[in-house]
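So the structure is just underneath, and the comments pick up after that.
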Amino acid sequence: FAVEALRLLGRPRASLSIVLADAALVRALNRDYRDSDKATDVLSFSFAAPDDLADRAARVFLGEIYLSVETARRQARAARRPFAREIAHLTLHGILHLLGHDHAKAAERRCMRGEERRLTRLLSARIRALQVL
């Protein structure tokens with residue numbers, strides 16, 4: 001799924017790590033690295049320098065994405081959507097952060113949400129397949 005998302009984003013040779021974690025670990029990382037002592041659903045830690053991202057065809061390790069499985073499960077239940085769909089959304093969100101997207105400002109938020117919706121649409125068959133597993 002993530003490999004296909006990277007391909008759709010024009011980064012066919014990029015790689016990343018995804019860590020499925022409990023809420024306590026993600027909260028501790030959020031506290032230690034973002035000075036925010038609260039739970040969150042996904043954290044991204046970029047390892048690529050901006051210059052590394054200039055060549056879209058280059059082989060580059062983007063970084064790590066930490067997904068809180070507990071938080072994702074709770075959010076999926078609250079939104080009445082499949083757990084796999086929530087994990088897919090959080091994965092895409094994390095990938096976009098690794099590629100430099102942000103959502104601190106309204107314009108950035110609109111851009112990032114639009115890209116998440118586009119990728120979700122393009123990957124919908126893969127997301128449905130995940131739900132079967």
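Values computed for the structure shown
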{"quantity": "Selection count, the stretch 1-29, where residues are more than 15 Å from the chain's Cα centre (by Cα) and closer than 20 Å to Val69 by Cα", "calculated": "7"}
{"quantity": "For Ala28: the one exception among (1) farther than 20 Å from Asp102 by Cα; (2) touching a helix residue (DSSP H, G or I) at 6+ places or on another chain (Cβ under 9 Å); (3) open to solvent by less than 30 Å² (accessible area, probe 1.4 Å)", "calculated": "(2)"}
{"quantity": "Residue within the stretch 71-87 that is modelled with pLDDT under 95, open to solvent by less than 50 Å² (accessible area, probe 1.4 Å) and among the aliphatic types (A, V, I, L, M) present", "calculated": "yes"}
{"quantity": "Among (1) small (Gly, Ala, Ser); (2) over 18 Å from Ala14 (Cβ atoms); (3) at pLDDT 95 or above - the single one Ala129 does not satisfy", "calculated": "(3)"}
{"quantity": "Lone qualifier among Ala84, Ala24, Ala49, Ala28 - being of a type in the set (A, V, I, L, M, F, W, C) and closer than 26 Å to Leu122 by Cβ", "calculated": "Ala84"}
{"quantity": "Filter pass, Arg109 being open to solvent by 40 Å² or more (accessible area, probe 1.4 Å) and under 15 Å from the mean Cα position of the chain (by Cα)", "calculated": "yes"}
{"quantity": "Qualifying residue in the stretch 31-42 (condition: of a type in the set (A, V, I, L, M) and either within 16 Å of Leu96 (Cβ to Cβ) or open to solvent by 90 Å² or more (accessible area, probe 1.4 Å) (or both))", "calculated": "yes"}
{"quantity": "Of all residues in the stretch 5-25 being among the charged types (D, E, K, R) and either touching a strand residue (DSSP E or B) at 6+ places or on another chain (Cβ under 6 Å) or open to solvent by 40 Å² or more (accessible area, probe 1.4 Å) (or both), the one that is nearest to Glu86 (Cα to Cα)", "calculated": "Asp22"}
{"quantity": "Tally of residues being within 17 Å of Leu25 (Cα to Cα) and of a type outside the set (A, V, I, L, M, F, W, C) across the stretch 57-90", "calculated": "7"}
{"quantity": "Tabulated pairs, the stretch 117-130, first free of Cβ contacts under 8 Å to residues at least 60 places away in the same chain, second outside any helix (DSSP H, G or I) and surrounded by 12 or more Cβ atoms within 10 Å (Cβ to Cβ), C-beta under 9 angstrom, 6+ apart or interchain", "calculated": "Arg128/Pro82; Ala129/Phe1"}
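The values are calculated or read from the model by the stated rules, or taken from the named source; none is laboratory data. Note that the structure is a prediction, hence the values are computed from the model and not measured. Cβ: placed from backbone, ideal geometry, glycine included. Neighbour counts: every protein chain shown. Heavy atoms of the whole protein, side chains included, go into the accessibility calculation; ligands, DNA and RNA do not. Shrake-Rupley method; radii C 1.70, N 1.55, O 1.52, S 1.80 Å.
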